[in-house]
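Only one structure is covered here, and it is reproduced in the block below.
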Amino acid sequence: MGKLLFITGGVRSGKSSYAEKLAAALRKSNEVLIYLACGVVTDLEMEERIIKHRLDRQSSSENWTTIERPKAIHGIVESIPSNSIVLLDCLTTLLTNELFSLEKVDSTIVEKEIYQAVKLLMDKADVLIVVSNEVLYDIQSNSKDILRFQRTLGKLHMNMVEMAHTAIDMTVGVPVVKKGAT
């Protein structure tokens, strides 16, 4: 079973850039760097973020293999080499894609499927880095959908931290280790 590193923090706190640098630093020899991108273009801002992330990887000195998979990440586990470092970016987007797809799905089922997929990825890769957004500090909403999303994300975050060898909270670009060590 590979190591899990979990990185959470506010939107635009530097999580993805830090995770990319961390993945490269963890590379010892011939490990394959895989970027599992869950983002989909939903508006201009998201399109710009996806383009920025692609350009960041292209300009990197590292050779990233990008797999764009907005849902059902368990379907790509078999294609992951065992000598890989996988960066899943991001859990929040993956959950959004799964919960708010055209099919109305039970959030408990979605949570379990994502959790199981992460465990499968951990079993396959040397290292799995999971990036997520911390949206649980936001003002409580009256929307049942938003509350369901926040509850489900909170449960996933707790599960990730429990499984993680290292848990990091990015605060204004500064990684704060909450569990383990980098």
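The values are calculated or read from the model by the stated rules, or taken from the named source; none is laboratory data. Quick caveat: nothing in here was measured; it's all calculated off a predicted structure. Positions of Cβ are generated from backbone atoms using ideal geometry, with glycine treated the same way; all protein chains shown enter the neighbour counts. Note: areas computed on protein heavy atoms with side chains; ligands, DNA, RNA excluded. Shrake-Rupley method; radii C 1.70, N 1.55, O 1.52, S 1.80 Å.
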- Message: Could you order the peptides 80-93, 113-126 from most to least packed, using the average number of other C-beta atoms within 10 Å per residue?
- Response: 80-93, 113-126
- Excluding residues on the same chain fewer than 8 positions from Lys155, give the lysines whose Cα lies under 26 Å from its Cα. Lys3, Lys15, Lys71, Lys104, Lys112, Lys119, Lys124, Lys144, Lys178, Lys179
- Message: Can you show me the helix-derived [θ] at 222 nm for the chain, built from DSSP H runs with n ≥ 4 at -39,500 (n - 2.57) apiece and divided by the number of residues, rounded to the nearest 500.
- Response: -13500 deg cm²/dmol
- Message: Give me the 1.4 Å probe accessible area per residue for the chain, excluding ligands and nucleic acids, in Å².
- Response: 52 Å²
- Item | In nm, spacing of pseudo-spin labels at Met158 and Ile146 (7 Å Cα→C-beta vector) | 2.2 nm
- Sort the stretch 79-182 into rounded, prolate or oblate with this rule: let a ≥ b ≥ c be the square roots of the eigenvalues of the Cα gyration tensor; rounded if a/c is under 1.5, and if a/c is not under 1.5, prolate when a/b is larger than b/c, oblate otherwise. oblate
- The percentage of the accessible area of the stretch 95-182 (probe 1.4 Å, all protein chains present) made up of carbon and sulfur atoms, to the nearest whole number, is 57 percent
- In range of the label at Gln116: residues from the stretch 74-92 whose backbone nitrogen is under 18 Å from the point 7 Å along Cα→Cβ: 74-79
